[in-house]
Amino acid sequence: MEYFAVIDTNVVVSALYRWDSIPGKIIEHALVGKIHPLLNEKIVTEYREVTARPKLKFDKSDITHVIDGLIQRGIFLDGIPSDEPVNDPKDVIFYEVTLDARQSDEAYLVTGNIKDFPIKPFVVTPREMLDIIEKNS
């Protein structure tokens with residue numbers, strides 16, 4: 001079974017810090033596995049801006065590998081405006097792209113910050129997303 005998911009920037013950052021982690025497994029699934037990443041130009045821009053911050057000290061080739069891989073496998077969507085509250089205005093696009101995808105497919109928003117989004121069964125942590133994948137394998 002294949003899955004569609006918007007992956008929050010905090011999951012990408014966590015994966016780059018530690019590839020052998022649950023967020024690392026999510027990114028691995030998005031690069032070569034069962035997850036089709038759902039993207040938008042604003043999401044890609046945020047990935048690039050956040051991961052390039054000097055304080056994070058990520059290797060540029062690792063950043064390029066991850067982001068270019070997500071783009072290569074990704075499905076780009078515009079997003080659907082929503083009046084539901086999202087705590088951080090920068091996170092709104094992640095929720096809107098998820099809503100857009102959910103018009104035609106079951107799609108998830110994978111985030112380490114559940115509290116930043118409306119409480120919905122499709123807003124999941126990386127661990128919950130892995131549990132969904134493993135349960136249906």
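The values are calculated or read from the model by the stated rules, or taken from the named source; none is laboratory data. Nothing here was measured: the structure is a model prediction, and the numbers come from that model. Here the Cβ is made from the backbone with ideal geometry for all residues, glycine too, and neighbour counts use every protein chain on show. Accessible surface areas use protein heavy atoms only, side chains included; no ligands, DNA or RNA. Shrake-Rupley method; radii C 1.70, N 1.55, O 1.52, S 1.80 Å.
Is one or more of the residues making up region 92-99 open to solvent by less than 60 Å² (accessible area, probe 1.4 Å), without any contact (Cβ under 8 Å) to a residue 24 or more places away in the chain and over 14 Å from V123 (Cα atoms)? So far as region 92-99 goes, no, none of its residues is open to solvent by less than 60 Å² (accessible area, probe 1.4 Å), without any contact (Cβ under 8 Å) to a residue 24 or more places away in the chain and over 14 Å from V123 (Cα atoms).
Can you find a residue in region 66-83 that is assigned to a helix (DSSP H, G or I), at pLDDT below 95 and not hydroxyl-bearing (S, T, Y)?
First pass over region 66-83, keeping only residues assigned to a helix (DSSP H, G or I): 66-73.
Filter once more, so that each one left must be at pLDDT below 95: none.
Looking for residues that are assigned to a helix (DSSP H, G or I), at pLDDT below 95 and not hydroxyl-bearing (S, T, Y), one finds none in region 66-83, hence no.
Which members of region 45-60 meet the condition of being without any contact (Cβ under 8 Å) to a residue 24 or more places away in the chain and of a type outside the set (D, E, K, R)? Those that are without any contact (Cβ under 8 Å) to a residue 24 or more places away in the chain and of a type outside the set (D, E, K, R): T45, A52, P54. The residue that is surrounded by the most Cβ atoms within 10 Å (Cβ to Cβ), among those in region 100-131 that are of a type in the set (G, A, S) and out of contact with any helix residue (DSSP H, G or I) (no Cβ under 9 Å at 6 or more places or on another chain), is A101.
Counted as qualifying within region 8-59 are the helices (runs of 4 or more DSSP H) with 3 or more residues that are of a type in the set (D, E, K, R), namely 41-51. Restricting attention to region 14-73, the residues being closer than 19 Å to I133 by Cβ and either loosely packed, with under 12 Cβ neighbours inside 10 Å or in contact with a Phe, Trp or Tyr (Cβ under 7 Å, 6 or more places away or on another chain) (or both) number 6.
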